[in-house]
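The values are calculated or read from the model by the stated rules, or taken from the named source; none is laboratory data. Since this is a predicted model, take the numbers as computed values, not measurements. Heads up, the Cβs are rebuilt from the backbone with ideal geometry, glycines too, and the neighbour counts pull from every protein chain shown.
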């Protein structure tokens, strides 16, 4: 039946054209943003998962920054310890030379005193980002010998998050401690009947007597023990640095994997979207023509009354 009031063909063509236009707008949005899921209305589940994963990736980026900061702090401390090893070796050499009878030990002590001050300066200068792990005051408010470096961020199956750390015990690596002199350099050491610290060791009053010669040997042993402790401290910090480097590599790899996972959920396939765009453009053109033809059918009725 042909009706002048109700144009079924035009209504069908208009509905088809509207659906095509809606699909075309969606495809154009995918192409312009590069995302097939850019809002929750596109796919609520994928959008929620992707948003959470992006947030976690941001947290991992902060973890990388924390690891870099921790690594730099260890680098500064290690450089100072290496410098300390050089200075202690010089002190040891001076003591060995001073053991020779007839040597002016007052002059040698002047050189040793300068080296002792250099050791203190090296430790005091080992500061990075407001932290000094080598010259400390353990009685200070908030002091903690264990330095924690943020190293991981994870989320379990229930959604609970946790932050992991790499802990560095600086109680065995500190050179000076203003509280009780318990650092490697300023702590009291006993060798035989001699008790002193490397920081205060003084040979200026020693003579060539047998007792003083034995004291000199004790000083050399004490200095060598301090050198061994500083070397061990540098090794411990080096091991921590290696662990941080490995964790940094892992975090970077994890961030890449999360980024790929998010992409697989929300990124648009541009090849597919391009093909779809071409097809929809053709459908839109055909829809316009179909609607035009349907509207012309009403004009044909006039000819029946001509």
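Among the numbered conditions (1) over 22 Å from residue 200 (Cβ atoms); (2) assigned to a loop (DSSP other than H, G, I, E, B), the only one that residue 185 does not meet is (1). Mind counting the residues in the stretch 25-58 that are buried (at least 18 other Cβ atoms within 10 Å of the Cβ) and over 16 Å from residue 263 (Cβ atoms)? Of the residues in the stretch 25-58, 1 are buried (at least 18 other Cβ atoms within 10 Å of the Cβ) and over 16 Å from residue 263 (Cβ atoms). Please indicate, with yes or no, whether at least one residue in the stretch 92-100 is assigned by TED's automatic domain parsing to the domain that holds residue 150, surrounded by fewer than 16 Cβ atoms within 10 Å (Cβ to Cβ), out of contact with any strand residue (DSSP E or B) (no Cβ under 7 Å at 6 or more places or on another chain) and under 24 Å from residue 135 (Cβ atoms). Within the stretch 92-100, none of the residues are assigned by TED's automatic domain parsing to the domain that holds residue 150, surrounded by fewer than 16 Cβ atoms within 10 Å (Cβ to Cβ), out of contact with any strand residue (DSSP E or B) (no Cβ under 7 Å at 6 or more places or on another chain) and under 24 Å from residue 135 (Cβ atoms). Suppose the filter is surrounded by 13 or more Cβ atoms within 10 Å (Cβ to Cβ), farther than 14 Å from residue 238 by Cα and out of contact with any strand residue (DSSP E or B) (no Cβ under 6 Å at 6 or more places or on another chain); does residue 82 pass it? It is false that residue 82 is surrounded by 13 or more Cβ atoms within 10 Å (Cβ to Cβ), farther than 14 Å from residue 238 by Cα and out of contact with any strand residue (DSSP E or B) (no Cβ under 6 Å at 6 or more places or on another chain). In the stretch 216-225, is there at least one residue being in a helix (DSSP H, G or I), under 30 Å from residue 56 (Cα atoms) and out of contact with any helix residue (DSSP H, G or I) (no Cβ under 9 Å at 6 or more places or on another chain)? No: zero hits. Scanning the stretch 132-169 for residues that are crowded, with 16+ Cβ neighbours inside 10 Å and assigned to a strand (DSSP E or B) turns up 132, 135, 136, 147, 149, 150, 151, 152, 153, 166, 168. Checking the conditions here, which among 266, 282 is loosely packed, with under 12 Cβ neighbours inside 10 Å, modelled with pLDDT of 75 or more and either over 30 Å from residue 56 (Cα atoms) or touching a helix residue (DSSP H, G or I) at 6+ places or on another chain (Cβ under 8 Å) (or both)? Of 266, 282, the one residue that is loosely packed, with under 12 Cβ neighbours inside 10 Å, modelled with pLDDT of 75 or more and either over 30 Å from residue 56 (Cα atoms) or touching a helix residue (DSSP H, G or I) at 6+ places or on another chain (Cβ under 8 Å) (or both) is 282. Of all residues in the stretch 76-122, those that are touching a residue at least 12 places away in the same chain (Cβ under 8 Å) and not in a helix (DSSP H, G or I) total 3.
Would you confirm, using the coordinates I've provided, whether residue 111 is at pLDDT 95 or above and in contact with a helix residue (DSSP H, G or I) (Cβ under 9 Å, 6 or more places away or on another chain)?
Values: at pLDDT 95 or above: yes; in contact with a helix residue (DSSP H, G or I) (Cβ under 9 Å, 6 or more places away or on another chain): yes.
Yes, satisfied.
Quick check: anything in the stretch 37-56 in contact with a helix residue (DSSP H, G or I) (Cβ under 6 Å, 6 or more places away or on another chain), outside any helix (DSSP H, G or I) and without any contact (Cβ under 8 Å) to a residue 12 or more places away in the chain? Yes, the conditions are met somewhere in the stretch 37-56. The listed residues are 223, 231, 249, and the only one of them that is under 13 Å from residue 95 (Cα atoms), in the same structural domain as residue 62 (by TED's automatic domain parsing) and at pLDDT 95 or above turns out to be 223. Which condition from (1) farther than 30 Å from residue 38 by Cβ; (2) not in a loop (DSSP other than H, G, I, E, B) is the one that residue 260 breaks? Result: residue 260 passes all but (1).
Can we say residue 190 is assigned by TED's automatic domain parsing to the domain that holds residue 90 and assigned to a strand (DSSP E or B)?
yes
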